[in-house]
Amino acid sequence: MLEWIGAACFIILMAILWPVVKCFGAESHSTLLLPRRESKRSAERCDSKLEGQGESATVALICKPSALANYLLKHCMTFCKSLSIPKWNWRMSSSLQTVYGALWPFDCPVHFIRDHLQLSDDGLVALDWAVVGAAHHKRRRTSSNSTSPVLLIIPNSYGKITRNVLKLCEAALSHGYLPVIFNRRSQNGTPLCTVKLQQFGDPTDLREAVRYIRYRQPAGQIYAVSESTGSGLLLSYLGECGSSSYVTAAACLSPVFRCQSWFESGPTRPFNWALLLYQKICLSRYKTVLGELVHTDNLFSSCSLKAMEEALFCHSGSKGAMAEGAGSWEAYWERNDPLRDIDEVAIPVLCVCSQDDPIRGDDQATLPLELFESNPHFFLLLTAHGGHCGFSTSDEGPIVWSHQALLEFFRATTDFFAAEERAKLAARRRGVSGAGKTFRHRSVSTCKRLPVCSHNIHAIYNWQRSYTR
């Protein structure tokens, strides 16, 4: 916590002085202006605005029309519920929303039991299993026979466990999930046992962690949630493993889609400086050992997120090869762009975003609307206000609006798949399984480059992707 004191104070002061003026000028932006194309391309949208509120953020669901989309609109009440925020409220400031979701103190009743997982190259990642209250004193592990669903949480790529993540763990536990946080090498107290850090979009470590979770909880379905820049890792994993990912459904909170451009332009200055400072503080612990492979002078004198990423993983800062295959900046993103295999994603993915996100940047340039309007697996829940992983409302209950939305999404998709399977079995019993509208079937794909996801997907999914019809 001490490592965050300087960055936290800096962010709070800058967030108050810099953008608070916009808080009072937000009236002209009270309506959600969707950057939609005036073409014949259709998309499902659910817009709502509460009457009698001083300021209300409209919510829109943007996706390709499908049976699943219709089901979500009918059964996910949060998708059509406005974020009630009076115009004079501090929540109208996207920067304050962002700081609140990341750093505001929270008396969290959740405790964590840590598993260290040794990887195939002898590196270590950590899995933190969330439990409530004193339960962690009574048991060290959850039962492998438990049928409770597992919620795999991937925090931001810098490893900071934010207030938003802790609140999500608490909400998940109250809904019967087993939350587990994935910690990358060297992050959040995880020892660095090999001189190797995880590249931005390299899902190798996450793949091994998911296989371990599946081994430990074979009877429970796995759902995945990523926060902020951590979405790059989740999308890379889902794209590389395709229908063999072991994940039933996934959600991304305030994801960054166009990551190369984001590193090159960076977020607004206060947040750019804070992220840079926090990363330097975390890496300084390993300065001596990292000095064997990278130019630490270049690394710790970096003035931008791009320069630091280059110093770690590209030739511009390497003595040896911090990561095998290091090369130019463009080559690095060919291997790590989260959208490189996006067409291979084979499960429903919900992305929750706000138009005023100060980290991601301008929504016109950073949101790939064409992805959501053309790919039946992706759903965008877009609101006018909420900042970056904030989404706090003036009438907020024990569960944050965005967390309620993704939990409803997981429940609805599960119910939809179960209903589809029941209908299919009933048709077979009647002997008419070959008649009428058939389910689309896509053959099981294996992971690219590293074919270690050789799972039998029919043991996990038996709904045959029928929701894409």
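Estimated at 0.36 nm per residue, the fully extended path between H116 and S304 surpasses their Cα-Cα distance by 64.5 nm.
The calculated FRET efficiency for F106 paired with R428, based on their beta-carbon distance and R0 = 35 Å, is about 0.10. List the trypsin sites (Lys or Arg not before Pro) within the range 235-305 that DSSP assigns to loop and that have no more than 15 neighbouring Cβ atoms inside 10 Å. Those that pass, being in a loop and sparsely packed, are R285.
When the inverse distances between all different Cα atoms of the range 135-240 are averaged and flipped, the Kirkwood radius reads 14.6 angstrom.
When nucleic acids and ligands are ignored and a 1.4 Å probe is applied, K81 ends up with an accessible area of around 110 Å². Solvent-accessible area of F313, all protein chains in place: 10 Å² (probe radius 1.4 Å, heavy atoms, ligands and nucleic acids excluded). A 1.4 Å probe, protein heavy atoms only, puts the accessible area of H295 near 70 Å².
Projected onto planes of every orientation and averaged, the convex hull of the alpha-carbon atoms in the range 339-394 covers 4.4 nm². Note: the range 54-104, Cα convex hull, 104 Å³ per residue. Distance between the 7 Å Cα→Cβ label points at S374 and M77: 3.7 nm. Size of the range 221-354 from its Cα atoms: along the principal axes, largest to smallest, the extents are 44, 33, 26 Å.
Taking R0 as 22 Å, what FRET efficiency do you get between E421 and D343 from their Cβ-Cβ distance, rounded to the nearest 0.05?
According to the calculation, E is roughly 0.30.
The values are calculated or read from the model by the stated rules, or taken from the named source; none is laboratory data. Every value quoted in this text rests on a predicted model; they were computed, and no experiment measured them. We place every Cβ from the backbone using ideal geometry, glycine too, and count neighbours over all the protein chains shown. Keep in mind that these areas ignore ligands, DNA and RNA; they rest on the heavy atoms of the full protein, side chains included. Shrake-Rupley method; radii C 1.70, N 1.55, O 1.52, S 1.80 Å.
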